[in-house]
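Quick note: the coordinates plus some simple rules give every number you see, no bench work behind them. Just so it is clear, the structure is predicted and the values come from calculations on it, not from any experiment. Please note: Cβ atoms are built from the backbone with ideal geometry, for glycine as well, and neighbour counts cover all protein chains shown.
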Amino acid sequence: DNGKPNLNPKPKTPQPQASDTESCPECNKGLIRRAGKREGSFWWGCSGFPACKVRFFDKDGKPDRDKGVL
Ligand SMILES: [Zn+2]
């Protein structure tokens, strides 16, 4: 802006934190709970994404391991 560097970039939206209690069965990194497209729906993705593509449905706030990896 006006030849000066922009020293106040817009704050980035905070990244969801990987869970320290729910870990990926493939790579052992934490899973991240994310909001789904439908309101109130959630899913879990591996924090190692895109190297690791493990995903779970959400069930009662936890990865639905019964259904298994998507
Ligand atoms: Zn993983």
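Separation of segment 1-51 and segment 52-70, taken as the distance between their Cα centroids, equals 16 angstrom. Radius of gyration (Cα atoms) of the chain, expressed as a multiple of 2.2 N^0.38 Å: 1.48. Residues R34, R55, ranked from the fewest to the most other C-beta atoms within 10 Å, line up as R34, R55.
The charge dipole of the chain, taken about its Cα centre with unit charges on the Cβ of Lys, Arg, Asp and Glu (plus for the first two, minus for the last two), comes to roughly 240 debye.
Among K59, K37, K29, the largest mean-square fluctuation in a Gaussian network model of the chain (Cα springs under 10 Å) belongs to K37. Among S47, S23, the ranking by other beta carbons within 10 Å of each residue's beta carbon, starting with the fewest, stands as S23, S47.
Exposure proxy check: L31, L70 ranked by fewest other beta carbons within 10 Å? Sorted ascending by nearby Cβ count, the order is L70, L31. Let me have the relative contact order for segment 16-65, percent, based on Cα pairs under 8 Å that are six or more residues apart. It comes to 27 percent, rounded to a whole number. Considering only P16, P50, P25, the Gaussian network model of the chain with Cα springs below 10 Å gives its largest mean-square fluctuation to P50.
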